[in-house]
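Inspection log for the structure reproduced underneath, given as structure tokens.
Laboratory data are not the source of any read-out in this text; all were calculated from the coordinates shown. All figures in this text were calculated on a predicted structure; none of them were measured in a lab. A quick note on method: Cβ atoms are made from the backbone with ideal geometry, for glycine too, and the neighbour counts reach across all protein chains shown.
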Amino acid sequence: MAFDQLSDFLQKLAHTGELVRIPQEIDPRHQISAITSEARRSDALGGPAVLFESVKGSRVPVVTNLLGTPGRVLLALGDESFEAAGQRLDEWLTPRVPDATADSKFAPVFARLAKLVPRSQKTAFSQQVARLGRDINLHELPFPRSFPGETGPTATCAQLWLTSPETGLKWISAPVLEVGGPQSLLVHWPLTDRGPDIVDEYRNQNQPTPVMISIGGDPLLHLAAQLPGIPDTDACQLASVLREQTLNVVRGRTLELEGPADADFLVEGYIDPQEIDAAQGTVASPSGLLVTRQRLAVIRVTAVTHRSQPVLPYVVHASGNSEEAAWAPLLSQLLLPVMRRIHPGVQTFQFSRDGQGRRIAFVGLRTRFPGHARRILQGLAQWPALADVMLLIGVDEDVAIHDSSTVWQHVAQMSDPVSDFLTVTTVRDSSHRACHDLSRAGTLLIDATRKPDPRTGEWIELADLTPESREAAAIFWRSIRGER
């Protein structure tokens, strides 16, 4: 079951002992990020969520490391496994017309999914307090400035909602937003984000781009914003399916756009066609590197509304120890059904925990002919959703890809550096500082699937026991050791 309100999720964390409250006044400039990083470093599991109840210069509390462990991500989902969320998305992406006899078992599935349609409200908690026009001052909100070198405070746990003027479909993404002034935000869009394309659609019509930004509310909304755009799907419907509960939305005070009714903050504004490439700034990217981007779009804020007692969530983009590492298991399962529709040979997928963020990924493949795995890997490397992946390893579908040591064992046994290692040119965002020329950035592909023996033509097999033999041996061994 989804948590409509961020406060409900925080109460649940407090009840389970996974929330630390800090009543002392804390400076949002560097101090919040330093304390959060220390909380994560001191706990191998990822540390607790940290609620800063008194932030210097603001009356609004800040919470960090909210989804900093896989367990808290599962708690937000309300599922027992990440696979359940992936299955739910797969069911939604595979529409079928149920037959009264043959498909009667699918009727409950369709009935449940049919209810997951966003519902508009006339009033909302996210609009209990409103500031419009010149009454807006973004500097009064406790947006942290995490690291020296950043040019301004940032919102790193905000969802940006756009509506395509050509299709009418909503789009959601989560770029870093930098406070550029009392009534302006700078958008640090990643290179592969579709947001600039929608802005161009409005510019071609010589119109400003209306923008709705939500902060807080259901923690899952920020994870929904991490998913790639799925063709012909609406972001509000996608969020409802992920939450397995209807997303309540409300129309803005100054815009026709709708935003989550239960968010802690809603920020409304527009991007003027003349200010699409009007600014530059430096912020910490999700990769943990300071990145300077040129030609940033400027959002002119027209309204800021919020709950009577809001909380501002924030993600610290620290190098090597980011909260986003805990999101990898869920994002892997949510990307899988989309990936299968592009390449049916894909059976399993997992971002490796050994990689910073989403730098390393493993994929289990069902191959039908020699060279099939290589073709699939080359196609996946060009997919924008995997633009951050620098090492993509393909193994057979029966390999346990959640265990990185098993994957590396297959790399050692089933691949040859000359014939099975391939570097392909891909789109690379400027956050990859190791790449000196973004036009020639690449992804390393390793084909570690079984292949025909060049001497005999027969498919190579690992020397392994049958599952029955393994189970019998395990029972025997436990018996002689006096174990159950």
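Numbers at a glance
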| read-out | value |
| --- | --- |
| Cα centroid of region 372-421 to Cα centroid of region 196-255, whole Å | 33 Å |
| DSSP beta bridge pairing in region 343-467, given as percent antiparallel to the nearest 5 | 50 percent |
| Burial order of peptide ranges 391-399, 153-161, 259-267 (average beta-carbon count within 10 Å, highest first) | 259-267, 153-161, 391-399 |
| Between helix 82-93 and the chain: long-axis angle, C-alpha atoms, 0 to 90°, nearest 10 | 80 degrees |
| Listed residue (Pro182, Ser404, Trp171) projecting farthest to the positive dipole end of the chain, Cβ model | Pro182 |
| Value at 222 nm in deg cm²/dmol, rounded to 500, when DSSP H runs of n ≥ 4 in the chain each add -39,500 (n - 2.57) | -7500 deg cm²/dmol |
| Rounded to the nearest 20 debye, dipole of region 6-314 from Cβ charges on Lys, Arg, Asp, Glu | 600 debye |
| Crossing angle, helix 31-41 versus the chain [Cα axis fit, 0-90 degrees, rounded to tens] | 20 degrees |
| 16 Å cut-off, amide nitrogen to a point 7 angstrom out along Thr94 Cα→Cβ, residues in region 317-355 | 333-349 |
| Between 0 and 90°, nearest 10: helix 404-414 axis offset from the chain longest Cα axis | 50 degrees |
| For region 1-68 versus region 330-356, the gap between their alpha-carbon centres in whole angstrom | 30 Å |
| Cβ-based charge dipole, region 343-467, positive-most Cα from Leu392, Gln382, Phe369 | Gln382 |
| Extended-chain gain in nm, criterion 0.36 nm per residue less alpha-carbon gap, Leu465 and Leu191 | 93.9 nm |
| Computed over region 246-362: relative contact order in percent, which uses C-alpha pairs under 8 Å that are six or more apart | 19 percent |
| Ordering of 465-476, 241-252 by burial proxy (mean other Cβ atoms within 10 Å per residue, highest first) | 241-252, 465-476 |
